[in-house]
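Undergrad: Got a structure for you, written out below as structure tokens; questions coming shortly.
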Amino acid sequence: DTEVTQTPKHLVMGMTNKKSLKCEQHMGHRAMYWYKQKAKKPPELMFVYSYEKLSINESVPSRFSPECPNSSLLNLHLHALQPEDSALYLCASRVEAARNTIYFGEGSWLTVV
Amino acid sequence: DQQVKQNSPSLSVQEGRISILNCDYTNSMFDYFLWYKKYPAEGPTFLISISSIKDKNEDGRFTVFLNKSAKHLSLHIVPSQPGDSAVYFCAASAGGFKTIFGAGTRLFVKA
């Protein structure tokens with residue numbers, strides 16, 4: 001079972017709203033990721049958590065705030081987003097950094113209006 | 001700086017024939033390579049991987065070939081099926097957290 005579950009699948013939010021994207025995996029993976037993907041572009045790394053600690057922040061604006069409450073959950077808190085932040089947000093996980101296959105969820109489509 | 005390049009944005013193949021998707025990389029530290037398939041409105045699905053200690057890995061209809069001296073890998077799909085129509089991403093990592101993706105190649109398999 002290589003399932004990563006993301007909610008919601010679709011989200012429309014205004015530029016003054018606060019919302020959150022959620023991700024869950026029960027595979028015992030200790031590394032969890034947020035990627036952003038725009039149309040006709042490759043997934044672009046945003047954040048990596050390893051053993052529930054933030055390991056990589058790819059210079060993401062502070063209007064995106066990740067949180068890893070436990071080893072199975074990963075959140076992405078959104079506040080004061082811009083229309084150009086509209087994209088597919090992908091959560092992914094892998095066993096640990098040394099094991100290199102990452103498994104993606106189906107993504108959350110975000111539209112900022 | 002694109003470390004992983006997929007120079008063909010699209011590829012069209014007849015059903016039953018071979019599909020060959022190509023990928024080039026520049027970072028000699030990459031030691032693990034992956035292929036993902038993506039349908040519209042879905043997340044990428046892992047297809048097949050290869051370690052730098054191998055030059056070929058096969059899984060059913062999918063075979064990945066790695067040429068380290070040329071820094072080139074390819075994905076062969078034989079026989080191609082209409083359901084294989086999707087965007088294929090090549091990815092590479094150097095043992096750490098980061099996995100770098102190519103821009104993708106859209107495969108059309110015609111019935």
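Undergrad: So which of B:Ser19, B:Ser28 is farther than 18 Å from B:Lys110 by Cα and of a type in the set (Ser, Thr, Tyr)?
TA: B:Ser28
Undergrad: Collect the residues in segment B:39-56 that are in contact with a Ser or Thr (Cβ under 7 Å, 6 or more places away or on another chain) and within 12 Å of chain A (Cβ to nearest Cβ), keeping them in residue-number order.
TA: B:Phe46, B:Ser49
Undergrad: So the check is Cβ under 8 Å with 6+ separation or different chains; which pairs have a first residue in segment A:6-32 that's over 11 Å from A:Tyr89 (Cβ atoms) and a second one that's open to solvent by 90 Å² or more (accessible area, probe 1.4 Å) and basic (Lys, Arg)?
TA: A:Thr7/A:Lys22
Undergrad: Right, something else. Could you list all residues from segment B:62-102 that are aromatic (Phe, Trp, Tyr), touching a Lys or Arg at 6+ places or on another chain (Cβ under 7 Å) and more than 14 Å from chain A (Cβ to nearest Cβ)?
TA: B:Phe65
Undergrad: For segment A:90-113, which residues satisfy the criterion of being more than 10 Å from chain B (Cβ to nearest Cβ) and not in a loop (DSSP other than H, G, I, E, B)?
TA: A:Ser93, A:Leu110, A:Thr111, A:Val112
Undergrad: For B:Asn7, state whether it is more than 12 Å from chain A (Cβ to nearest Cβ), open to solvent by 30 Å² or more (accessible area, probe 1.4 Å) and not in a strand (DSSP E or B).
TA: In short, yes.
Undergrad: Within segment A:77-86, which residues are open to solvent by 10 Å² or more (accessible area, probe 1.4 Å) and either within 14 Å of chain B (Cβ to nearest Cβ) or at negative phi (or both)?
TA: A:His77, A:His79, A:Gln82, A:Pro83, A:Glu84, A:Ser86
Undergrad: Shifting gears a bit: For segment B:90-100, which positions are at negative phi and surrounded by fewer than 24 Cβ atoms within 10 Å (Cβ to Cβ)?
TA: Hits for segment B:90-100 are B:Ser93, B:Ala94, B:Gly96, B:Phe97, B:Lys98, B:Ile100.
Undergrad: Look through segment A:37-62, keep the residues that are among the hydroxyl-bearing types (Ser, Thr, Tyr) and assigned to a strand (DSSP E or B), and return whichever of them is most open to solvent (accessible area, probe 1.4 Å).
TA: The residue in question is A:Ser55.
Undergrad: Taking the criterion of being of a type in the set (A, V, I, L, M, F, W, C), open to solvent by less than 30 Å² (accessible area, probe 1.4 Å) and under 21 Å from B:Gly96 (Cα atoms), would at least one residue in segment A:98-106 satisfy it?
TA: yes
Undergrad: Then there is this: For segment A:14-26, what are the residues that are under 15 Å from A:Glu52 (Cβ atoms) and either aliphatic (A, V, I, L, M) or crowded, with 21+ Cβ neighbours inside 10 Å (or both)?
TA: A:Cys23, A:Gln25
The values are calculated or read from the model by the stated rules, or taken from the named source; none is laboratory data. Quantities reported herein were computed from a predicted structural model and do not represent experimental measurements. No Cβ is skipped: glycine too gets one built from the backbone with ideal geometry, and neighbour counts run over all protein chains shown. These accessible areas exclude ligands, DNA and RNA; they are computed on the full protein's heavy atoms, side chains included. Shrake-Rupley method; radii C 1.70, N 1.55, O 1.52, S 1.80 Å.
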